[in-house]
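Undergrad: Below is the structure I would like to discuss, written out as structure tokens.
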Amino acid sequence: MSPGVLARVVEKSQFAPVRKSIVVGAFLLALCFVSVTLGQVSSSAVGPHDPGVRTGAVNAGQSLASLTQTPGAYDFFADGFQRFQAIESVQGGANNGLGPRFNSNQCSSCHSQPAIGGSSPSATVFPFIGPNPETLVYALDGAQNTLPSFITPNGPVREARFKFFLNSSGSGLSNTPDGGVHDLFVISGRSDAGSCAIKQPNFAQNLALQNVIYRIPTPTFGAGLIENIAEETIYANMQANAQQKQNLGISGTPNRDGNDGMITRFGWKAQNKSLEIFAGEAYNVEMGITNELFQNERSSPDEALAGGLPANCRINPTPEDATNMNATQYVGVPSDVVEFAMFMRLLAPPTPSTTVPGGAASIADGSRVFNSIGCAMCHTPTLQTAPSAFTPGLSQASANLFSDLLVHHMGTNLADGVSQGSAGPDQFRSAPLWGLGQRIFFLHDGRTTNLLDAIQEHASQGSEANTVINNFNKQLTPQQQQDLLNFLRSL
């Protein structure tokens, strides 16, 4: 296997974004109405609309080109790539430690669009990877789970959090904040789970109490570049264009690590400092696998208040993922968490298109508009990385991430009621936009597949984006709005 060929590349998709036959085109045109599939928007034929997921080829998922200059680096990338796709069992399999509570059974099931390392996939949108993997794992090996109503084949991969704990009677909400992840599934009933018999959370009750919020997977392409941006660069960018930011109502701040006080940068609220912490937390929270960073079997937040997991659900010695002291190959020595981080660190950023959608002129005008109305004040187009000890591709490079890596108040509409680190209930990291052209689900909870909707969702009481969204709605012509959408889908 050679560098740059690990990504799944699909050569062509004939008119995949458009379901309607051209036979009915004249009829639709007469109605001035365009019908498109998941990932696009129905709108007036003359109005701005989301061009939809960019087709033709997959433009992400490859390794950094510089790995050929760094002896051994590609071996670690390839090993991490394989481990990222490994399927986990509870016990008795090749990879053990799943559960007792989990959301999925492999990293790549949640990070696969449009290639391994990305975000939520779809069976109906390019490159047609498959349905929501959470709909495929909940009953594997005899597990006695039911599928929550908010997990659907064509919907996004989601984790669920509860905003508050239930009251003492269990019939309503208390005033005590929860905020923790309540994993969707349990291992009870699986053939490899022994006598463990814990129950799924009562999602129906918490949905009725409006107590459930969601998060979807963040793409990891170019993550090594993000990790290697110096704090001083983030501070300098935060302080740049101070008057323009003040005029726009923008006042982003860093989230910080509780131990050393340094800037954290990964996750929807920029709550994780490094890729190893990001990987270790996900391994423990999303799959229930203990590791050298998160060594204890994880109970649900309410279960923890009641004393934790029963003994018969703590099946394996911990940590279940650890340094392999007897490995015969050097790439086999690190733990899974280290190799997950290495894979993500050495993933190249997505490659934007210069012509699709809309043509080069439209994309160029959209880029200009993106800057002129203030989008770039939070979604900073480029930040420079520091010198890297890993590989030249990470060293003093231009990271075209379209993020300032700061958290911003996004108002009542997007607020999820959860605090992480110094990021409060309505604060979120400016999501990196590179790769947006082939992303299906938008915003932290995957509430929309429509890029135009995602833009409008930024505006609400208390949002730092209100002035920018007002500029989009009132200062731009319909063509300029379309150019901006085309530019974003070119990324």
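The values are calculated or read from the model by the stated rules, or taken from the named source; none is laboratory data. Remember, predicted model here, so these are calculated numbers, not experimental data. We place every Cβ from the backbone using ideal geometry, glycine too, and count neighbours over all the protein chains shown. Ligands, DNA and RNA are stripped out before the accessible areas are found, and what is left, the full protein with its side chains, is counted by its heavy atoms. Shrake-Rupley method; radii C 1.70, N 1.55, O 1.52, S 1.80 Å.
Undergrad: Could you list all residues from the range 263-298 that are within 19 Å of residue 184 (Cβ to Cβ) and either in a helix (DSSP H, G or I) or out of contact with any helix residue (DSSP H, G or I) (no Cβ under 9 Å at 6 or more places or on another chain) (or both)?
TA: Those that are within 19 Å of residue 184 (Cβ to Cβ) and either in a helix (DSSP H, G or I) or out of contact with any helix residue (DSSP H, G or I) (no Cβ under 9 Å at 6 or more places or on another chain) (or both): 268, 281, 282, 283, 284, 285, 286, 287, 288.
Undergrad: Could you check how many residues of the range 253-310 are more than 23 Å from residue 430 (Cα to Cα) and of a type in the set (A, V, I, L, M)?
TA: Final tally of qualifying residues: 8.
Undergrad: While we're here: Have a look at 348, 364 and point out the one that is of a type in the set (A, V, I, L, M), open to solvent by 40 Å² or more (accessible area, probe 1.4 Å) and more than 23 Å from residue 264 (Cβ to Cβ).
TA: On the way: 348 fails: open to solvent by 40 Å² or more (accessible area, probe 1.4 Å).
None of the others qualify; the one that does is 364.
Undergrad: If the requirement is being closer than 19 Å to residue 380 by Cα, modelled with pLDDT of 95 or more and assigned to a helix (DSSP H, G or I), which of these qualifies: 431, 454?
TA: On the way: 431 fails: assigned to a helix (DSSP H, G or I).
Matching residue, one of 431, 454: 454.
Undergrad: Would you confirm whether or not the range 383-394 contains a residue that is over 30 Å from residue 72 (Cβ atoms), open to solvent by 20 Å² or more (accessible area, probe 1.4 Å) and modelled with pLDDT of 95 or more? Reasoning before the result, please.
TA: Going residue by residue through the range 383-394, those that are over 30 Å from residue 72 (Cβ atoms) are none.
No, the conditions are met nowhere in the range 383-394.
Undergrad: Against the condition modelled with pLDDT of 95 or more, open to solvent by less than 10 Å² (accessible area, probe 1.4 Å), under 30 Å from residue 89 (Cβ atoms) and acidic (Asp, Glu), how does residue 183 come out, does it pass?
TA: Yes; evaluated as a whole, the condition is true for this residue.
Undergrad: Consider residue 403 carefully, then state whether it is open to solvent by less than 10 Å² (accessible area, probe 1.4 Å), touching a residue at least 12 places away in the same chain (Cβ under 8 Å) and part of a loop (DSSP other than H, G, I, E, B).
TA: On the way: open to solvent by less than 10 Å² (accessible area, probe 1.4 Å): yes; touching a residue at least 12 places away in the same chain (Cβ under 8 Å): yes; part of a loop (DSSP other than H, G, I, E, B): yes.
For residue 403, the condition - open to solvent by less than 10 Å² (accessible area, probe 1.4 Å), touching a residue at least 12 places away in the same chain (Cβ under 8 Å) and part of a loop (DSSP other than H, G, I, E, B) - is met.
Undergrad: Next question, about the same structure. Checking the condition among the aliphatic types (A, V, I, L, M) and closer than 27 Å to residue 177 by Cβ, which residue from 197, 236, 270 passes? Before you say what the answer is, go through the steps one by one.
TA: Details: 197 fails: closer than 27 Å to residue 177 by Cβ; 236 fails: closer than 27 Å to residue 177 by Cβ.
The match here is 270.
Undergrad: Would you say residue 357 is over 23 Å from the mean Cα position of the chain (by Cα), modelled with pLDDT of 95 or more and within 19 Å of residue 69 (Cβ to Cβ)?
TA: Details: over 23 Å from the mean Cα position of the chain (by Cα): yes; modelled with pLDDT of 95 or more: yes; within 19 Å of residue 69 (Cβ to Cβ): no.
No: the conditions fail for residue 357.
Undergrad: Now, a different point. Could you go through the range 473-480 and let me know if any residue there is surrounded by 17 or more Cβ atoms within 10 Å (Cβ to Cβ) and basic (Lys, Arg).
TA: Filtering the range 473-480 down to residues surrounded by 17 or more Cβ atoms within 10 Å (Cβ to Cβ) leaves 476, 480.
Applying the additional criterion that residues be basic (Lys, Arg) yields none.
No, the conditions are met nowhere in the range 473-480.
Undergrad: Hey, another quick one. Any idea which of 437, 411 is open to solvent by less than 20 Å² (accessible area, probe 1.4 Å), modelled with pLDDT of 95 or more and out of contact with any helix residue (DSSP H, G or I) (no Cβ under 6 Å at 6 or more places or on another chain)?
TA: Checking each option against the conditions leaves just 411.
Undergrad: On to the next question. Applying the selection to the range 90-127, what residues are more than 25 Å from residue 223 (Cβ to Cβ), in a loop (DSSP other than H, G, I, E, B) and out of contact with any Gly (no Cβ under 8 Å at 6 or more places or on another chain)?
TA: Within the range 90-127, 92, 93, 94, 124 qualify.
Undergrad: Right, next: Going through the range 131-148 one residue at a time, which ones are touching a residue at least 40 places away in the same chain (Cβ under 8 Å) and farther than 16 Å from residue 183 by Cβ?
TA: Applying the first criterion (touching a residue at least 40 places away in the same chain (Cβ under 8 Å)) to the range 131-148 yields 134, 137-138, 140-146, 148.
141, 142, listed by residue number.
Undergrad: I'd like to verify a number: residues in the range 191-204 that are open to solvent by 40 Å² or more (accessible area, probe 1.4 Å) and either aromatic (Phe, Trp, Tyr) or more than 27 Å from the chain's Cα centre (by Cα) (or both), how many?
TA: Of the residues in the range 191-204, the ones open to solvent by 40 Å² or more (accessible area, probe 1.4 Å) are 191, 194-195, 197, 199-200, 202, 204.
Adding the requirement that they be either aromatic (Phe, Trp, Tyr) or more than 27 Å from the chain's Cα centre (by Cα) (or both) leaves 191, 194-195, 197, 199.
Residues in the range 191-204 being open to solvent by 40 Å² or more (accessible area, probe 1.4 Å) and either aromatic (Phe, Trp, Tyr) or more than 27 Å from the chain's Cα centre (by Cα) (or both): 5 in total.
Undergrad: Can you name the helices (runs of 4 or more DSSP H) wholly within the range 202-262 that have at least 3 residues being farther than 15 Å from residue 273 by Cβ and not polar (S, T, N, Q)?
TA: 203-208, 231-239, 242-248
Undergrad: Being among the basic types (Lys, Arg) and either under 11 Å from residue 420 (Cβ atoms) or open to solvent by less than 30 Å² (accessible area, probe 1.4 Å) (or both) is the filter here; which residues of the range 257-275 pass it? Spell out how you get there, then give the answer.
TA: Looking only at the range 257-275, we keep the residues that are among the basic types (Lys, Arg), and these are 265, 269, 273.
265, 269 - these are the residues of the range 257-275 that are among the basic types (Lys, Arg) and either under 11 Å from residue 420 (Cβ atoms) or open to solvent by less than 30 Å² (accessible area, probe 1.4 Å) (or both).
Undergrad: Same structure, new question: From the list 202, 175, 237, 228, pick out the single residue that is of a type in the set (S, T, N, Q) and in contact with a helix residue (DSSP H, G or I) (Cβ under 9 Å, 6 or more places away or on another chain). Steps first, please.
TA: Values: 202 fails: in contact with a helix residue (DSSP H, G or I) (Cβ under 9 Å, 6 or more places away or on another chain); 175 fails: in contact with a helix residue (DSSP H, G or I) (Cβ under 9 Å, 6 or more places away or on another chain); 237 fails: in contact with a helix residue (DSSP H, G or I) (Cβ under 9 Å, 6 or more places away or on another chain).
The conditions single out 228.
Undergrad: Please find, within the range 128-140, the residue that is nearest to residue 221 (Cα to Cα) out of those that are assigned to a loop (DSSP other than H, G, I, E, B) and either touching a His at 6+ places or on another chain (Cβ under 9 Å) or open to solvent by 20 Å² or more (accessible area, probe 1.4 Å) (or both).
TA: Our first condition is that a residue be assigned to a loop (DSSP other than H, G, I, E, B); within the range 128-140, this holds for 128-133, 138-139.
Those left that are additionally either touching a His at 6+ places or on another chain (Cβ under 9 Å) or open to solvent by 20 Å² or more (accessible area, probe 1.4 Å) (or both): 128-129, 131, 138-139.
Working: 128: 19, 129: 17, 131: 21, 138: 28, 139: 31 Å.
It comes out as 129.
Undergrad: Of 132, 105, 154, 96, which residue is touching an Asp or Glu at 6+ places or on another chain (Cβ under 7 Å), within 30 Å of residue 433 (Cα to Cα), at pLDDT 95 or above and not charged (D, E, K, R)? Even if it seems obvious, please write down each step before you answer.
TA: On the way: 132 fails: touching an Asp or Glu at 6+ places or on another chain (Cβ under 7 Å); 154 fails: touching an Asp or Glu at 6+ places or on another chain (Cβ under 7 Å); 96 fails: within 30 Å of residue 433 (Cα to Cα).
Being touching an Asp or Glu at 6+ places or on another chain (Cβ under 7 Å), within 30 Å of residue 433 (Cα to Cα), at pLDDT 95 or above and not charged (D, E, K, R) holds for just one of 132, 105, 154, 96, which is 105.
Undergrad: Can you pull out every residue in the range 299-332 that is open to solvent by 70 Å² or more (accessible area, probe 1.4 Å), more than 25 Å from residue 197 (Cβ to Cβ), assigned to a loop (DSSP other than H, G, I, E, B) and of a type outside the set (A, V, I, L, M)?
TA: 326, 328, 329
Undergrad: Follow-up question, since we're still on this one. Scan the range 276-298 for residues that are open to solvent by less than 20 Å² (accessible area, probe 1.4 Å) and closer than 17 Å to residue 311 by Cβ and jot them down.
TA: 288, 290, listed by residue number.
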